[in-house]
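This report refers to the structure that appears directly beneath it.
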Amino acid sequence: MTLKRFLSAVIISSIVLFLEFKVIPFVLKKTNLFRPKIISPVAEAQKSKFELKYALLDSQISLWQGPFVLEGIGGIEVLIVEKGRPIKIIFSSERDPRSQLASLQLILKESKMLEAIKNGPPPKLIDLTGDKPYVSF
């Protein structure tokens, strides 16, 4: 009788352990019951800063200062060096940094922009947060 109880206890405990360590984690992973659905604004801002910094490094734009989060306008401010002169740029934290970098490179390569940098003061600000970027001298 004790051998019968021992075997039933081993079978029951192995079934419980199998359910606890194999079946339940698999079900929870597939149903996403315990994953956080809300990302905090701080984590979102840090993610945007990281992506922007990586994109700037990838495009070989020399970063002088930043990135700094501007919470009031939902932007990220950086200072880059272009032809030995610092330029303040504000990127949108809600849009993809690669598309904004393409706009920035287009702005920096425009012929009027290059003439203004050579002949006059450098631009003070390039704002990419809106739908249409603007340059302030």
Legend entry - Checklist (1) at pLDDT 80 or above; (2) assigned to a strand (DSSP E or B) applied to Arg98, failing item: (2)
Legend entry - Criterion: of a type in the set (D, E, K, R), modelled with pLDDT of 80 or more and over 16 Å from Ser48 (Cβ atoms) - qualifying residue of Lys109, Lys88, Lys118, Lys83: Lys88
Legend entry - Any hit, segment 85-94, residues being under 22 Å from Ala43 (Cα atoms) and in contact with an Asp or Glu (Cβ under 6 Å, 6 or more places away or on another chain): yes
Inset, instruction - Go through segment 80-111 residue by residue and tally those that are among the polar types (S, T, N, Q), surrounded by fewer than 19 Cβ atoms within 10 Å (Cβ to Cβ) and either under 16 Å from Phe68 (Cβ atoms) or in contact with a helix residue (DSSP H, G or I) (Cβ under 7 Å, 6 or more places away or on another chain) (or both). - result: 0
Legend entry - First in segment 59-70 and under 17 Å from Ser92 (Cα atoms) and in contact (Cβ under 8 Å) with a residue 12 or more places away in the chain, second anywhere and in a strand (DSSP E or B) and among the small types (Gly, Ala, Ser), Cβ under 7 Å, 6 or more apart: none
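The values are calculated or read from the model by the stated rules, or taken from the named source; none is laboratory data. This one's a predicted model, so the numbers in the text were calculated from it and none came from an experiment. Cβ sites come from the backbone with ideal geometry, for glycine too, and all protein chains shown count toward neighbours.
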